[in-house]
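I have placed the structure first, in the form of structure tokens, so that the comments after it can refer back to it.
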Amino acid sequence: MIQVPLGTSGWEVSEFVFGAGSIGGVGTSSATRGKGISREEGLARLDEARGFGITLIDTADAYAGGESERVVGEWLKDRQPDDVLVSTKVGLISRPDGSRAIDNSPEHIERTLKQSLERLGRVDLLLSHAPDRETPLDVTLAAFAKAQESRSIQGYGVSNVDAARLVEVLETADRLRLPRPVVIENRLNLLDRADEAELLPIAHSEGIGYTPFSPLAGGVLSERYLDGAPPPPDSRIAVAGEMYYRGFYTPENLERVTALREVAREVEVGVSALALAWLRDHPSVTAPIIAPSTSAQWEAVREAAVVRVEGDLRDRVSAIFD
């Protein structure tokens with residue numbers, strides 16, 4: 001797999017990232033724990049990612065109540081890969097009643113980073129899972145800087161931020177002469193292109209890596225739901241559609257995906273592969289985060305790896321979703 005620069009950080013990562021958010025559950029919600037892939041399936045997917053040449057694994061302390069980190073840590077300890085970077089996130093608290101909170105205070109970052117290090121063995125990149133409107137930003141950035149100075153992490157990033165928040169982070173880091181974030185993890189796909197307007201131009205010009213999640217919009221950007229096929233009970237749309245993929249599964253969007261299928265047939269790849277390749281070839285994207293639940297779902301990645309969505313093809317695909 002091709003290795004690409006992570007912004008101007010000096011690091012290189014694979015052109016796709018393996019996302020471990022489905023191991024033990026679906027994302028961070030307590031309501032979806034146990035509805036993702038099992039430990040054994042997670043270990044198998046990690047082996048497959050490794051065999052495919054993926055060199056960045058993304059997880060979070062809140063995924064499945066910590067089960068994702070535990071399984072990734074088990075895999076790292078057993079396989080001992082020396083060229084794989086490990087990224088995790090901190091700050092999101094999912095309570096048993098389904099409510100959530102964000103805590104990016106120094107105390108919380110220090111405590112949960114220690115826990116993540118125990119689970120994973122090492123943390124190369126630590127991201128804030130979401131903005132904390134209660135903790136002063138300068139205090140949070142100082143906590144990340146402290147973790148970096150102590151060599152507990154190699155760098156940090158931010159997730160689920162808008163353009164205004166990104167500017168605030170950069171200005172605060174520069175004013176206090178603290179390290180800048182090296183990566184942004186936000187949602188971007190053909191059905192959600194909001195970041196293209198403001199955030200991506202800033203990230204690109206400032207040399208910050210961008211690793212988008214939900215590249216297939218919970219599976220809507222595939223052939224799975226076309227021609228009247230309903231969402232299977234175990235699908236991400238059925239399990240967590242309202243929670244993480246609201247607004248994606250609509251008749252209008254399925255019409256767009258049907259049009260995308262016609263283009264995909266012309267270039268002899270599947271719908272998912274074309275959607276992944278469009279995102280991978282976005283000029284401001286470093287590497288999309290993929291999370292295959294089964295071995296068969298790697299086929300879309302294999303196809304995406306050999307097709308380039310540029311020029312007229314890119315214009316045609318983009319126009320379907322404008």
Cα centre as origin, Lys/Arg/Asp/Glu Cβ charges: the chain dipole, Debye: 680 debye
Label-point separation, Asp138 to Ala259 (7 Å along Cα→Cβ), nm: 5.0 nm
Given charges at Cβ of Lys, Arg, Asp, Glu: segment 1-154 dipole, positive-most of Ala20, Gly34, Ala145: Gly34
Distant-in-sequence amide H partners of Val17 (H built 1.01 Å from N, under 5 Å): Ile289, Ile290
Charge dipole magnitude, Cβ of K and R +1, D and E -1 - segment 49-185, Cα centre, debye nearest 20: 180 debye
Rounded tilt (10° steps) of 163-175 against the dominant C-alpha axis of the chain: 30 degrees
GluC sites (Glu not before Pro) within segment 1-110, DSSP loop, no more than 15 other Cβ atoms inside 10 Å: none
Charged-residue dipole, Cβ positions (Lys, Arg, Asp, Glu), segment 116-192 about Cα centre, Debye nearest 20: 240 debye
Where the Cα pairs of segment 73-186 fall when distances are cut into 10 Å bins, in %: 14, 46, 30, 10, 0
On Cα atoms only, tilt of 106-120 relative to the major axis of the chain in degrees: 60 degrees
Candidates Pro131, Pro251, Pro292, ranked by Gaussian network fluctuation over the chain, Cα under 10 Å, top entry: Pro251
Overall dimensions of segment 29-116 as given by Cα atoms, namely Rg and Dmax in Å: 14.0, 40
Segment 175-322: equivalent-ellipsoid semi-axes (sqrt of 5 x gyration tensor eigenvalues, Cα, Å): 27, 18, 15
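State the extension gain, in nm to one decimal, for the chain segment bounded by Arg246 and Asp124, taking 0.36 nm per residue of separation less the distance between their alpha-carbons. Show your work: numbers first, answer last.
Values: separation 122, 0.36 × 122 = 43.92 nm, distance 3.18 nm.
Residue separation times 0.36 nm, minus the Cα-Cα distance, leaves 40.7 nm.
Among the trypsin sites (Lys or Arg not before Pro) within segment 154-247, which fall in a DSSP loop and have no more than 12 other Cβ atoms within 10 Å of their own Cβ?
Qualifying residues, ordered by number: Arg177, Arg246.
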Solvent-accessible area per residue, Å², over the chain with all protein chains present [probe radius 1.4 Å]: 43 Å²
Taking only Cα atoms of the chain, radius of gyration then Dmax in Å: 18.8, 55
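Counting only protein heavy atoms and a 1.4 Å probe, tell me what percentage of segment 1-92's accessible area is made up of carbon and sulfur.
Roughly 48 percent of what the probe reaches on segment 1-92 is carbon or sulfur.
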For segment 167-235, the spread of Cα positions along each principal axis, largest first, Å: 55, 23, 15
Hz values of 3J(HN,Hα) by residue in segment 87-93 - Karplus curve (6.51, -1.76, 1.60), Gly and Pro given as x: 10, 9, 10, 9, x, 8, 10
Proximal lysines relative to Lys114, as straight alpha-carbon distance under 19 Å, when same-chain residues fewer than 8 apart are discounted: Lys77, Lys89, Lys146
Helix 67-79 axis, angle to the chain major axis (alpha carbon atoms, nearest 10°): 90 degrees
Base-10 log of normalised Debye intensity for segment 70-115 (one unit scatterer per alpha-carbon) at q = 0.33 Å⁻¹: -1.14
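The values are calculated or read from the model by the stated rules, or taken from the named source; none is laboratory data. Given the structure is predicted, the values throughout are model-derived calculations rather than measurements. Here Cβ is always computed from backbone atoms with ideal geometry, including for glycine, and neighbour counts include all displayed protein chains. Side chains are part of the model used for accessible areas, which takes the heavy atoms of the whole protein and leaves out ligands, DNA and RNA. Shrake-Rupley method; radii C 1.70, N 1.55, O 1.52, S 1.80 Å.
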